[in-house]
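As structure tokens, the structure follows; a few thoughts come after it.
The values are calculated or read from the model by the stated rules, or taken from the named source; none is laboratory data. Here the structure is a predicted model, which is why all the values come from computation and not from measurement. Virtual Cβ from ideal backbone geometry, glycine too; neighbours counted across all protein chains shown.
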């Protein structure tokens, strides 16, 4: 397993940082610190940074949710070794998303932020998703998993609720063209539908086993 820990995981980690690196270079370019046309964020760099961070938050949530189906389909448990990393990157990008919104879009004015949260439902939903991600990030370590026991599994099922809130936030935030959020809706529906089907299969096997024991008795 050493190639996974010392080669593959660092490569995946670096790949996950590429969007943040692009945003950082683009911000420096927009501020006049750098002059690299290839990383230009366009005429409205704050909007591009905000939307890019938001999309990558959803992307990493979706990728994290893909790990279990991939493990089931390929019978390769190694997929699960990347799940925590992708979940933490979702948290990293949502923090960037929120930071850009607060510091650049709202100029750091907490009063304006609070008014937006109260008056604009899609921002309310987005903030709720961010708040729910915090306990998952804090308890993502192996030590926390051992300390919480079965409660850790129940707590981390919040990822389903968070993913729904994230896609909902994106859908409501789009003014006209809903094609892109619709793709996320379809993807999340498949991922959650698979888990529901798997849960029902598990319940069916338990019921058959109980019936067999009862019938044998």
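Any residue at all in region 69-81 that's under 22 Å from residue 26 (Cβ atoms) and either at pLDDT 95 or above or out of contact with any strand residue (DSSP E or B) (no Cβ under 7 Å at 6 or more places or on another chain) (or both)? No - not one qualifying residue is present in region 69-81. You will find that of 54, 42, 87, the residue that is at positive phi and touching a helix residue (DSSP H, G or I) at 6+ places or on another chain (Cβ under 6 Å) is 42 and no other. The condition of being assigned to a helix (DSSP H, G or I) and in contact (Cβ under 8 Å) with a residue 24 or more places away in the chain does not hold for residue 10. Restricting 10, 19, 69 to residues that are surrounded by 10 or more Cβ atoms within 10 Å (Cβ to Cβ) and over 25 Å from residue 191 (Cβ atoms) narrows the list to 10. Please determine whether any residue of region 156-166 is more than 14 Å from residue 65 (Cβ to Cβ) and free of Cβ contacts under 8 Å to residues at least 24 places away in the same chain. There is no residue in region 156-166 that is more than 14 Å from residue 65 (Cβ to Cβ) and free of Cβ contacts under 8 Å to residues at least 24 places away in the same chain.
Taken as a whole, the condition of being part of a helix (DSSP H, G or I) and either buried (at least 18 other Cβ atoms within 10 Å of the Cβ) or touching a strand residue (DSSP E or B) at 6+ places or on another chain (Cβ under 9 Å) (or both) applies to residue 48.
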